[in-house]
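Since the structure comes first, as structure tokens, the remarks are kept for the end.
Taken together, the values in this text are just the output of simple stated rules run on the coordinates, not laboratory data. Note that the structure is a prediction, hence the values are computed from the model and not measured. In this analysis, Cβ positions are derived from the backbone assuming ideal geometry, glycine residues included, and neighbour counts consider all displayed protein chains.
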Amino acid sequence: MVWLLALGLLAVGDSRADPDPRKVLRYSFPVAETGFDPAQVSDLYSNNIVAAIFDPPLTYDYLARPLKVIPNTLAAMPDASADGLTYTMRVRPGIFFADDTAFKGRQRELIAADYVFTIKRHYDAKVNSRHIGDFEGLIVGMDEMLAETRAGGKFDYDRPVDGLKALDRYTFQIKLKRYAPNFLFMMAHTTWMAAMAREVVEHYGELIMEHPVGTGPYRLARWARSAKIVLEPNPRYRAVLWDAQPAADDLAGQAMLKRNEGKRLPLIGRIEINIIEEEQPRWLAYLNAEHDFLERLPNNFANVAVPNNRIAPNLAKRGMQMEQFPGMELVFAYFNMLDPVVGGYAPEQVALRRAISMAYSNDDEIRIIRKNQAIPAYQPIGPGAMGYDPQFRTESGDYNLARASALLDTYGYLDRDGDGYRERPDGRQLIIEQATQPDLLSRQISELWKKSMDALGVRMNFKIAKWPDNLKASYAAKLQMWQLGDAAVIPDADTWLTQYYGPNEGQKGNLPRFKNADYDLLYEKYRVTGHGPERDALVREMVRLIMTYAPVKVNVHRIYTDMWQPWLLNYRRHAMLRSIWKFLDIDLERQQAIRTRD
């Protein structure tokens, strides 16, 4: 797959119409949000909200395929030096934050210093940024400030730094310590580069997770934690017009552009998101037209809604639309490498993890649980990302119960007391505890893990908690094992490879706490190597090390099946954009006619 960086701008012009308050987008999240401070959130669903409220300097063209990076709040694409180490960016004048009490009645314009402040927050240890692993070692002068604040010093946001500074009201400059092939992708990532106003952060202090104030198309109108989120248009949002550059042979994209070009964004006047963790209520809310959109059709209803991956005739008759999209993501189960049972690097510890991995059937997860809405994973990288090798295979990626059993026998994991379960090589009890959630899908996956481990003779117990609680425990290294999914944040293998880099342990992304000197050296070379065959070769070596030491069991890559009602317009899933709501529209006449008829 080829990825392009474009010099085009989203069309900007005079206002033509305000968002229609009668147009309300209703749908649900299957997992509770954690909050809305871009620096502190890392989960998909919180990121979706953040992306609707805040603005990074760059963004992606909604319809362009291959993906195309374009200016968002910048007047043009960044000006890069010949060596790729200095980037100068100019913020477009006339962009304003949503009104907030922190501004004391003033209109607050977005300026270059806001992006400088936004980046500096990641380096302030007290902020506890979930993304510092992506910034550490990158910007001239900032690692020194990070070290000082980690040692207990107060972070001085006013201290001049040569590598990160505002040159004038609208121009800021970033100097890199090393070449970064993915730098422009970073500038398009909302939670890394969401423009925040210093006054807001200082005004709300520790409550900043509850008070997102950005320059994006929407603002937070209501939040009932883990229950409901309501967004409304930001009255201060600049005049951004519907524009895109679909490929010439993309007939659907060209038609979408023709229908919408020149309309002011956003088009929808209110977004209501309910948190519905159970699959059946989510499906019924959509089926009964209570929701306009169903993101990721629950697996248990795939055979009903999309038999043979085609929309069911009864739903097609109702005018419902469907799109399937192979996710640039990975479902995996990680092992805590600090744990005395499943962690460690001794041969018998590696053998235990590899045996557990081989004894779990990805095919059963796909066929039985996910109703064929996934494909097997053989490497810790999502398909479609730069660096992904569709031909890569290892024996550890295949289900092989006999080989897994023989491996445990060889390394002394034996059933010595005849109770059907193996003990550790030293004779102590072997118990694996996997964290999980209370929703139906998680329960089904836990049942498959239990069945697989019973067949292997390994006792596995499950610790059930809400997803945000498991994430918090994971950051603190309190989970022995946990299965979760991870979607790309940039269209590159680095999304996943950075998660095994030793210095990134914990909240920086390395949840398994994997540490390997050879891997770290390869990664350090990889991250400064431009895209091409040499970089791909480094990826293959890192992947081999991961599969050899098995800090994770790679499971599947999900196929996303999105469905929407006939009155919802302009929907098209994007591999990178976390929020596409500003592009969507609702045909009120058709909605009313169908609801009256039904």
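What residues qualify as long-range amide H neighbours of Y560, i.e. H under 5 Å apart, gap of 5 or more or another chain, H built at 1.01 Å from N? The answer is F325, G327. Over all other residues within a Cβ to Cβ distance under 14 Å of A305, the charged ones net out to +3, with Lys and Arg as +1 and Asp and Glu as -1. Among D486, D143, a tally of other beta-carbon atoms within 10 Å of each Cβ gives an order, fewest to most, of D143, D486. Placing +1 on each Lys and Arg Cβ and -1 on each Asp and Glu Cβ, with no other charges, gives the range 4-254 a dipole about its Cα centre of roughly 360 debye.
Between the alpha-carbon centres of the range 296-310 and the range 539-564 there is a gap of 23 Å.
Pairs to check: K450/K553; K104/K165; K23/K582; K263/K582. Give those whose C-alpha atoms are more than 19 Å from each other in this structure. Before the final figure, lay out each step's value.
Numbers: K450/K553 15 Å; K104/K165 26 Å; K23/K582 12 Å; K263/K582 11 Å.
Too far apart for the 19 Å limit: K104/K165.
Rounded to the nearest whole Hz, the Karplus-based 3J(HN,Hα) values (6.51 cos²θ - 1.76 cosθ + 1.60, θ = phi - 60°) of the range 470-480 follow the sequence 5, 5, 4, 5, 5, 4, 8, 6, 9, 9, 7, with x at glycine and proline. The 3J(HN,Hα) values that the Karplus relation (6.51, -1.76, 1.60; θ = phi - 60°) gives for the range 45-51 are, in residue order, 6, 5, 4, 4, 5, 4, 5 Hz. Gly and Pro appear as x.
When E423, E290 are arranged by Cβ crowding within 10 Å, least crowded first, meaning fewest neighbours, the order is E290, E423. The orientation-averaged projected area of the convex hull spanned by the Cα atoms of the range 110-184 comes to 5.1 nm². Relative to the longest principal axis of the Cα atoms of the chain, the long axis of helix 517-526 makes an angle of roughly 30 degrees. The HN-Hα couplings worked out from phi for the range 376-392 by the Karplus form 6.51 cos²θ - 1.76 cosθ + 1.60 (θ = phi - 60°) are x, 9, 10, 8, x, 9, x, x, x, 6, 4, x, 6, 10, x, 8, 6 Hz, whole numbers, x standing for Gly and Pro. Quick check: net charge around H211, other residues with Cβ under 10 Å of its Cβ, Lys/Arg +1 and Asp/Glu -1? With Lys, Arg at +1 and Asp, Glu at -1, the net is -3. Close amide H pairs (under 5 Å, H built 1.01 Å from N) link L164 with K175, residues at least 5 positions away or on another chain.
Rounded to the nearest 20, the size of the Cβ-charge dipole of the range 480-598 about its Cα centre is 240 debye, with Lys and Arg at +1 and Asp and Glu at -1.
When both the range 416-463 and the range 327-368 are represented by their alpha-carbon centers, they are found 12 Å apart. Amide H to amide H distances under 5 Å link K228 with I275, where only residues 5 or more positions off or on other chains count and H is placed in the peptide plane. Taking Lys and Arg as +1 and Asp and Glu as -1, the other residues whose beta-carbon sits under 11 Å from that of S446 total +2.
Fully extended, how many nm does the chain gain between N308 and E261 (0.36 nm per residue separation, minus their Cα-Cα distance)? Please list the in-between numbers first.
Working: separation 47, 0.36 × 47 = 16.92 nm, distance 3.53 nm.
Result for the pair: 13.4 nm of gain on full extension.
Think of the chain as a dipole: +1 on every Lys or Arg Cβ, -1 on every Asp or Glu Cβ, centred on the Cα centre; then among L440, Y519, A351, L440 lies furthest on the positive end.
For the chain, give the magnitude of the charge dipole about the Cα centre (Cβ charges: +1 Lys/Arg, -1 Asp/Glu; no others), in debye to the nearest 20.
Using Cβ point charges on Lys, Arg, Asp and Glu, the chain gives about 1000 debye.
Would you mind checking K68/K177; K451/K472; K478/K525; K120/K472; K126/K515; K120/K154 for any pair whose Cα atoms are more than 20 angstrom apart? Violating the 20 Å Cα-Cα cut-off are K68/K177; K451/K472; K478/K525; K120/K472; K126/K515. Determine the shape class of the range 220-323: with a ≥ b ≥ c the square roots of the Cα gyration tensor eigenvalues, call it rounded for a/c under 1.5, and otherwise prolate if a/b is greater than b/c, oblate otherwise. It is oblate, given that a/c is not under 1.5 and a/b is not larger than b/c. Beta-bridge orientation, the chain: approximately 75 percent antiparallel, per DSSP, counting only bridges with both partners inside. The ranking of V556, V240 by Cβ neighbour count inside 10 Å, starting from the fewest, reads V240, V556.
Reported to the nearest whole Å, the Cα centre-to-centre distance from the range 504-531 to the range 181-248 is 29.
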